[in-house]
Amino acid sequence: MHDTSWSDKLSLYEDWYNADMPNLFGYLVYHTQDRELAQDITAATCLQALERLDQYDPSRSKLKNWIFGIAKNQLYDHLRSQKRQPIHIALSSIAEHLITDSGLEPDYDRRETFLEVLSHLEDLSEREKEVIALRYGAGLSNAEIASMLELSGNHIAVLHNRAIEKLREKAEARVYNVS
């Protein structure tokens, strides 16, 4: 299937863009904590993917995985140019959006719980952080993450569950002052 035509690849790209580009943006927002920067890296990724579309080989990987690889390189290039490491404790700004119509007290509790969980993301391994970023930042399924990271679906499920359990234990330990 290496002989995929340019128009077929362009069609695959258009389908990816319409369906999955918001997931890429979410992943980059997760890592940068900066919507404008995430927009810039998303745009650069999409442009580079389009420019190099003739190099994409559908027999080697899914287009989504190929584009996420480009995005990771764009992100790390940016971080290297800024001489800083990726930010893994992200999404804290989302806490402000955890408002419902069910009253202020439940909203405050949800926000505080959310912030408490976020404060413990640094306690996770790099692989667990990446799984959490892809799951909740990009909104990918375990199967999609497995394909992207070239791991089994079961391995991703274990990493995800282990990470969630670590976060739960840390949050509960603080609530009960059992550090």
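The values are calculated or read from the model by the stated rules, or taken from the named source; none is laboratory data. None of the values given here were measured: they were computed from a predicted structure. Glycine also receives a Cβ, built like all others from the backbone with ideal geometry; neighbour counts cover every protein chain displayed.
For region 37-59, the set of residues classified as of a type in the set (Asp, Glu) and either more than 22 Å from residue 79 (Cα to Cα) or in contact with a Lys or Arg (Cβ under 6 Å, 6 or more places away or on another chain) (or both) consists of 51, 54, 57, listed by residue number. For region 14-36, the tally of residues that are in a loop (DSSP other than H, G, I, E, B) and farther than 16 Å from residue 74 by Cβ stands at 1. Of all residues in region 140-160, which are surrounded by fewer than 14 Cβ atoms within 10 Å (Cβ to Cβ), farther than 16 Å from residue 126 by Cβ and modelled with pLDDT under 90? Across region 140-160, the qualifying residues are 141, 143. In region 70-79, the residue that is nearest to residue 145 (Cα to Cα) out of those that are without any contact (Cβ under 8 Å) to a residue 40 or more places away in the chain and not β-branched (Val, Ile, Thr) is 72.
Kindly establish whether residue 77 is under 24 Å from residue 171 (Cβ atoms) and modelled with pLDDT of 50 or more.
Taking the combined requirement at face value, the residue does not satisfy it.
Here the condition is being in a helix (DSSP H, G or I), at pLDDT below 90 and of a type outside the set (A, V, I, L, M); of 102, 93, it holds for 93 alone. When you check residue 28 against the structure, is it closer than 21 Å to residue 129 by Cα, of a type in the set (A, V, I, L, M, F, W, C) and modelled with pLDDT of 90 or more, yes or no? Answer is yes for this residue.
Residues in region 118-134 that are surrounded by 21 or more Cβ atoms within 10 Å (Cβ to Cβ) and either within 19 Å of residue 19 (Cα to Cα) or modelled with pLDDT under 85 (or both): 3 in all.
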